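J.: Could you have a look at this structure, given as structure tokens, before my questions?
The values are calculated or read from the model by the stated rules, or taken from the named source; none is laboratory data. Source: prediction; values computed, not measured. Cβ placement follows ideal geometry from the backbone for every residue including glycine, while neighbour counts extend to all protein chains displayed.
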């Protein structure tokens with residue numbers, strides 16, 4: 001291989017590796033302030049009764065386990081994507097399959113999160129719904145930081 005072609009190939013490999021890292025960082029879940037704000041609202045501002053507090057505690061415990069499992073699955077998917085990019089150096093079948101698996105893991109995490117949000121809403125009284133709904137809408141509309 002001629003030196004100019006070798007230089008182009010090396011630059012392409014570096015660019016693909018950087019793209020893989022960038023994609024992995026985009027796909028990795030980050031701490032989302034909206035979730036923290038929603039839980040603070042539930043605990044501090046909605047005046048939950050004792051039964052609602054117990055129900056919320058159960059929901060949070062259950063979701064913490066589920067979320068940890070799904071985040072581990074997403075992290076593993078991102079690692080497989082990085083391996084596929086390093087192996088193929090192009091958008092080949094391994095990269096495509098790894099992207100699909102990562103999207104599936106991301107979707108499952110998002111679905112579980114939404115199920116959790118709706119389960120939290122279900123324990124509220126109707127008079128608490130408007131404030132909760134507004135907090136959910138605000139959390140979803142905020143840009144990630």
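J.: Take the stretch 111-145 and flag every residue that is at pLDDT below 90 and not in a helix (DSSP H, G or I).
T.: 142, 143, 144, 145
J.: Further question: Can you tell me which condition residue 97 does not meet? The list is (1) over 20 Å from the mean Cα position of the chain (by Cα); (2) under 30 Å from residue 8 (Cα atoms), and all the others hold.
T.: If we test residue 97 against (1) over 20 Å from the mean Cα position of the chain (by Cα); (2) under 30 Å from residue 8 (Cα atoms), just (1) comes out false.
J.: Determine, yes or no, whether residue 82 is touching a helix residue (DSSP H, G or I) at 6+ places or on another chain (Cβ under 8 Å), exposed (fewer than 15 other Cβ atoms within 10 Å of the Cβ) and touching a residue at least 12 places away in the same chain (Cβ under 8 Å).
T.: no
J.: Turning to a different aspect of this structure: Just to be sure I understand the filter: pairs with C-beta atoms under 7 Å, separated by 6 or more residues or on different chains, first member in the stretch 106-133 and on the phi > 0 side of the Ramachandran plot and surrounded by 12 or more Cβ atoms within 10 Å (Cβ to Cβ), second member in a helix (DSSP H, G or I) and at pLDDT below 90. Which pairs pass?
T.: Once the first residue is on the phi > 0 side of the Ramachandran plot and surrounded by 12 or more Cβ atoms within 10 Å (Cβ to Cβ) and sits in the stretch 106-133, no partner that is in a helix (DSSP H, G or I) and at pLDDT below 90 comes close enough.
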